[in-house]
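Here the structure is laid out as structure tokens; the discussion comes afterwards.
The numbers here are math on the coordinates, done by the rules we state, and not lab data. From a predicted model like this one, the values you see are computed outputs, not experimental measurements. Cβ placement follows ideal geometry from the backbone for every residue including glycine, while neighbour counts extend to all protein chains displayed.
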Amino acid sequence: MPAGSEVAAPGVSVMGSSPELAELMAQADAHFARRSLSAVDNVAMKREVDESIVFYRRASALAPGDFEILTKLMRALHFRGAYTGASIEEKKVLFEEGRKLGQDAVDKVEAAAKAARGMSRIESLRLVKGAPGLYIWTAGHWGEWALVRGKMASVKSGIAGRLRDLSQTVIDLDPLFEDGAGYRLLGRLHAEAPRIPFITGWVSHDKGVALLGKSYRANPHHPVTLYFLGEAILDYEPEKRAEGLQMLEQCAALTPRPDTALEDARYIHMAAKRIESEKSGS
């Protein structure tokens, strides 16, 4: 059995437990850091992120109980599917892999939390290293997986409820995780999911705006939050049109952050397009 291949307890980080694992992670992180280089029209080249996925997969195989490594793999798979011009068929494969990896890990963590004595589910989950990242990226892959299969069909199959529960768990674990990512994802879900009696009767546009507002208060300069909140205000609170446009204008004026340059650029561009559409009346 290779060094470092022992199975860790759920959520226990074993990064750095062997030189081989440390080297794999160093290689993976270096390739992922270069994922946006040479991008054309906000579409990344595949080579660097593909290389990062290879190394993250190998590292995850050596440390299957390390959710920090797993989260990095899921993030790389998400970037590959969302930002490299992947075809629909490629997206289905990538998001299926990420969805399954994440959900399998979540199921194990939830089973352990259920079996824990003397503490609540959330108290138990807070002891799991890397749990917020695991839940948020599992939700992200479920969301993308649903989009490539059709929003309405996915909602009817119960995916919206799964996304709600994963996002709420992130909020319960750490409401400020990644600049209010739980609020951001759950707010977007309420803003975008169709309200279908007996299936998604819990969806509320008002709640969506309120949740996105909480994410905004966690970081008023986050481009994704600004875009989601500005768009939600324009769509559901027309009496606050000026405020919605202001949010989008703030987003459009941002400079992409170095660590998420391509991701930020997409939402900055989308904000500018929505402003143009609003002002032209189209």
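Observations, loosely collected:
- Computed over segment 77-218, the alpha-carbon pair-distance distribution with 10 angstrom bins reads 12, 38, 37, 12, 1, each value a whole percent.
- The sum of -39500 (n - 2.57) across all DSSP H runs of n ≥ 4, divided by the residue count of the chain, sets its helix-only mean residue ellipticity at 222 nm to -22000 deg cm²/dmol.
- Given K46/K72; K240/K273; K91/K273; K156/K207; K91/K156; K92/K214, the pairs whose alpha carbons are separated by over 28 Å: K92/K214
- The modelled label-to-label distance for the pair R47/E90, using points 7 Å beyond Cα in the direction of Cβ, is 1.5 nm.
- Each Lys or Arg adds one and each Asp or Glu takes one away; over the other residues whose Cβ falls under 14 Å from the Cβ of A112, this sums to +2.
- Radius of gyration and maximum dimension Dmax of segment 136-251, Cα, Å: 13.7, 38
- With one equal scatterer per alpha carbon and no solvent term, the Debye-computed log10 I(q)/I(0) for segment 80-125 at 0.19, 0.32, 0.33 1/Å reads -0.63, -1.03, -1.06.
- Alpha-carbon Rg/Rh ratio, for segment 106-174, with Rh computed the Kirkwood way: 1.04
- Shape annotation for segment 165-222: C-alpha extents along the principal axes are 34, 21, 11 Å, from largest to smallest.
- Max mean-square fluctuation residue, GNM over the chain, Cα-Cα springs under 10 Å, options M247, M119, M25: M119
- Size descriptors for segment 34-122: radius of gyration and Dmax over Cα atoms are 15.9, 54 Å.
- Available extension along the chain between E276 and S157 is 39.3 nm, counting 0.36 nm per residue and deducting the alpha carbon span.
- Every Cα-Cα pair of segment 204-282 was included, and the share exceeding 18 Å stands at 36 percent.
- When both segment 21-44 and segment 92-129 are represented by their alpha-carbon centers, they are found 27 Å apart.
- Dipole of segment 56-166, positive end: most advanced residue of G85, V155, A112 [Cβ charges, Cα centre]: V155
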